[in-house]
Amino acid sequence: MKNKLYFEDPSLKNWTTSVIDISEVDGVYHVKLEDSAFYPEGGGQPSDFGTIDGIKIIDLIEDHDEVIHVLKEKPTNTQVNCEIDWERRIDHMQHHSGQHLLSATIIELFDIPTVSFHLGKETVTIDIDTPSLSNEQLIHIERSVYEKILANIEVKTYFVNKAELHALQLRKLPKVEDNIRIVDILHTDVSACCGTHVKQTGEIGLIKLIKTEKVRQTTRLHFKCGYRALEEIQKTSKTVTSINQLFNSHTEMLIDKVEQSINELKEAQKEIEKMKETIFDSISNELLLNASNDLIIKSFKEESVKDLQLLAKSIQAKKPSLLAFSTEKENKLLLINQLKNDVHCGELIKNLLKQVEGKGGGGAQQAQATFETSTQLNEAVNSLKSMFHSQVNA
Ligand SMILES: [Zn+2]
């Protein structure tokens, strides 16, 4: 292959070229072209997608400075039409150039170098050599990168040899020794890089810093550029608008409104707890009054297991008993033994589950069983009653 067209013209979307070699490897075809603008993976940038004569490229491999196009079908023509998946490529260019600006800006403002770059389908991140960044620093960085985008600075790319390299002040040093490609954002950033970049920084459009994460001793900074940044802002804006409508608020007031609602909710929960205590106090009185011995079996419809535990607590304070509470709300059976006898709640539940299908278990003082249906729950309650009766009568 004579030319890697993506070096000369990163805006090239389609072209015609000659097939110079095809070989079949493990059921797929390795195709070499005279010219190719398909970018293979490198320098943190994933490979392009695209087609050759309408046949989808499934992989791009770089082999000894040559790009090998992997296809499922064999192209039949010697002259082929190539087409790049442009949506994917422009996204990569916006993020890769955005990353150069971002890394250069973080050095310029805070002298913190970038240690790695990841450009994925869902997330784009750089890891920077600092344990943390403040909110103020993030706002400062975002604005400064945006100013460089607005300035529409020219992005130049060229090759240098080892001798010429020394005259350049590089942010990122090359991994290769010769024929080194430089990406030069005028007066802003000079880096050794093999990736595809926009021609003017204005094409990045927008940068949005999303969040930071601490990764060992570095900070992982998530960001989005171009269309992805726009979509992020649209998504966030839609969510905020919906929340504003729910709270009958506007964005400036929203945090206060949400905080106020959370506090009101907490207060209401406290009130409910107090009311429940009063209700359970009277239910426990009634249950104890009607109980002929230390055993109380009672079925409930609307109460949760948590409620029944509160009720048990109220009974315990007055007269410790052996409690068997069931609730149709959750199809659950709760056994609590507050007596100092040898009744083991867990063992009782285990025996019960041999008769009625369900799940459960527990210890000596407390055990629980859960059933699929209320019919099974009632069956279990009836079995339990007969178990107790046979014990009492024994
Ligand atoms: Zn780069």
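The values are calculated or read from the model by the stated rules, or taken from the named source; none is laboratory data. If you're wondering where the values come from, they're calculated on a predicted model, not measured in any experiment. Quick reminder, even Gly has a Cβ in these numbers, built from the backbone with ideal geometry, and neighbours come from all protein chains shown.
Conditions tested, residue by residue: (1) aromatic (Phe, Trp, Tyr); (2) more than 42 Å from the chain's Cα centre (by Cα); (3) not in a loop (DSSP other than H, G, I, E, B).
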position: LYS306; (1), (2), (3): no, no, yes
position: GLU330; (1), (2), (3): no, no, no
position: ASP342; (1), (2), (3): no, yes, no
position: GLU347; (1), (2), (3): no, yes, yes
position: LYS350; (1), (2), (3): no, no, yes
position: LEU353; (1), (2), (3): no, no, yes
position: ASN378; (1), (2), (3): no, yes, yes
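The conditions are (1) free of Cβ contacts under 8 Å to residues at least 12 places away in the same chain; (2) more than 33 Å from the chain's Cα centre (by Cα), and THR236 fails exactly one of them. Which is it?
(2)
Hey, could you check the stretch 123-149 for residues that are within 16 Å of the ligand (Cβ to nearest atom) and more than 18 Å from the chain's Cα centre (by Cα) and say which is surrounded by the most Cβ atoms within 10 Å (Cβ to Cβ)?
Here the answer is VAL145.
Can you tell me which residues in the stretch 52-79 are under 28 Å from PHE117 (Cβ atoms) and of a type in the set (Val, Ile, Thr)?
ILE57, ILE58, ILE61, VAL67, ILE68, VAL70 - these are the residues of the stretch 52-79 that are under 28 Å from PHE117 (Cβ atoms) and of a type in the set (Val, Ile, Thr).
Go through (1) of a type in the set (A, V, I, L, M, F, W, C); (2) more than 11 Å from the ligand (Cβ to nearest atom); (3) within 30 Å of HIS64 (Cβ to Cβ) for ALA192 and report which single condition fails.
Among (1) of a type in the set (A, V, I, L, M, F, W, C); (2) more than 11 Å from the ligand (Cβ to nearest atom); (3) within 30 Å of HIS64 (Cβ to Cβ), ALA192 violates only (2).
Taking only the stretch 153-180 into account, find how many residues are assigned to a strand (DSSP E or B) and modelled with pLDDT of 85 or more.
Going through the stretch 153-180 one residue at a time, the tally reaches 8.
Which of the residues that make up the stretch 110-122 are exposed (fewer than 13 other Cβ atoms within 10 Å of the Cβ) and away from the ligand (no atom under 16 Å from the Cβ)?
Those that are exposed (fewer than 13 other Cβ atoms within 10 Å of the Cβ) and away from the ligand (no atom under 16 Å from the Cβ): ASP111, LYS121, GLU122.
Quick check: anything in the stretch 267-281 over 30 Å from SER321 (Cα atoms) and not in a strand (DSSP E or B)?
Taking every residue of the stretch 267-281 in turn, at least one turns out to be over 30 Å from SER321 (Cα atoms) and not in a strand (DSSP E or B).
Just to be sure I understand, how many residues within the stretch 1-45 are touching a Phe, Trp or Tyr at 6+ places or on another chain (Cβ under 7 Å), within 13 Å of LEU60 (Cα to Cα) and surrounded by fewer than 18 Cβ atoms within 10 Å (Cβ to Cβ)?
Selection size over the stretch 1-45: 0.
What number of residues within the stretch 155-189 satisfy the criterion of being surrounded by fewer than 12 Cβ atoms within 10 Å (Cβ to Cβ), away from the ligand (no atom under 14 Å from the Cβ) and either of a type in the set (D, E, K, R) or farther than 25 Å from GLU62 by Cα (or both)?
7
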